[in-house]
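First up is the structure itself, then whatever we jot down about it.
Just so it is clear, none of the values below were taken in a lab; they were calculated from the coordinates. Small disclaimer: the values here were computed from a predicted structure and weren't measured. Positions of Cβ are backbone-derived with ideal geometry, glycine not excepted, and every protein chain shown enters the neighbour counts.
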Amino acid sequence: MPCTVTVDANGAFLTLSDNMAGELRFHAIWLRDNALDPKTRAPGNGQRLITIGDIPADTSISNAAVEADGLTVTFAPEGKTVSFPIAWLEAHAYDRNQHHELGWTAEGIETWDATQSAPSYDWEAVTTSSLTKRDWLGDVARLGFAKLTNGPVEEGALLNVAEQFGFVRETNYGRFFEVRTEVNPTNLAYTGLGLQAHTDNPYRDPVPSLQILYCLENSAEGGDSIVVDGFRAAERLRDANPEGFALLAGYPARFEYKGSDGVCLQSRRPMIELSPDGQLIGIRFNNRSSAPFVDIPFDKMAAYYAAYRQLGEFIDDPAMGVAFKLEPGESFIVDNTRVMHARNGYSGEGSRWLQGCYADKDGLLSTLAVLSNLQDAAE
Ligand code: FE2
């Protein structure tokens, strides 16, 4: 069934009716800005060639018709005619219910608790099959973490993990850093400290959005790695204490690191970060690098702290964490804007040696999109 188009009396918008998508309205200014012709969009790189100021403020639709190649629209006062494929308009429609629950998550994000099994991929398969690489990166995008097994037991091998999808983010800790504690076998009283689940480096702005932790030795007893979905913890707080959720999202916390010479990193960002339309986009949670909170009004500070405590209780809840012990040559990636990582205490003989590095999610998501498009084209 072909679709039909009508234009409102002033030419301010048109309405496309089609059996599949129902009625979709598009404004004249929106259509003109998004014209797909080569004078508006560069044919090679797809970048827009005009600015908003190049479009007359009184732009209206003087004619619109559905033809074989899609919707043809003529704009006044320019007298310019362009065409849009119907499928393109349907894919970019904005005339839909835009209401979201506060703390909603983007399409494709799945939140989880301790019942989630850790997604695990084989080094050889990831580095030789673009399909497996797509699935591996897809799990990091969807769940915020994934393991990689059977990698080389070599110093610096973690850089190779980052190179599979993007670039290492070098920081004051170097291109990568050591997470190593020798357990003294002559002193059984010594206990490796556990670390509460946290996101790394909240004192940076922007934070490193991915972390890779790569195991080279792990013969100590204990020392399991634990990951916790910060988005699920935030959802639990929202459902249990909406006012507390709004406080943690609505006021900036402060984070700071000045533990080594020549470094003084400071940030002023919320523990729960929302987009302007309420989407959950980031968690910052780290007791060791929290600075005094000074941006919360006096009459809200007690409730802010109560919400902070409650969020911490959800994060510490054993029903939330997924634990696994890394063997040499195994690693995992975490989305550091969402998934927290923790370490159980460890004791006894043996040693634990991990290397860590940071990378960023934009490169990972870009590689994932390219691999997904290639795969779609092949199918
Ligand atoms: Fe950490």
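Listed by number, the DSSP H helices of the chain that run 18 Å or longer by alpha-carbon position along their axis and have mean Kyte hydropathy of at least 0.0 are 361-378. For the peptides 63-73, 95-105, residues were scored by their other Cβ atoms within 10 Å and the scores averaged per peptide; the highest-first order is 63-73, 95-105.
Stokes-Einstein diffusion for the chain, with the hydrodynamic radius set to the Kirkwood value over Cα pairs and evaluated at 10 °C in a medium of 1.306 mPa s, equals 66 µm²/s. For the range 4-91, the C-alpha radius of gyration sits at 1.05 times the compact-globule guess of 2.2 N^0.38 Å, with N the residue count. Going from the residue with the fewest nearby Cβ atoms within 10 Å to the one with the most, K361, K80 rank K80, K361. When each of the peptides 127-135, 86-94 is scored by the mean number of other C-beta atoms lying within 10 Å of its residues, the order from highest to lowest reads 127-135, 86-94. Summarising the label geometry, the points placed 7 Å from Cα in the beta-carbon direction at L193 and R96 lie 4.9 nm from one another.
Dividing the mean sequence gap of close Cα pairs (under 8 Å, 6+ apart) by how many residues the chain holds gives a relative contact order of 23 percent. The length gained on full extension between I52 and D261, counted as 0.36 nm times the residue separation minus their Cα-Cα distance, comes to 70.5 nm. Mean separation of Cα pairs under 8 Å and 6 or more residues apart, divided by the residue count, gives the range 4-91 a relative contact order of 24 percent.
With a threshold of 31 Å on the Cα-Cα distance, the over-threshold entries among K258/K300; K39/K361; K133/K325 are K39/K361.
Given R0 = 41 Å, the distance between the Cβ atoms of N287 and E379 translates into a calculated FRET efficiency of 0.30. Computed packing ranks the peptides 301-310, 349-358 as 349-358, 301-310, most packed first, by mean other Cβ atoms within 10 Å.
Treating r as the C-beta distance of N63 and D277 and R0 as 30 Å, the FRET efficiency rounds to 0.30.
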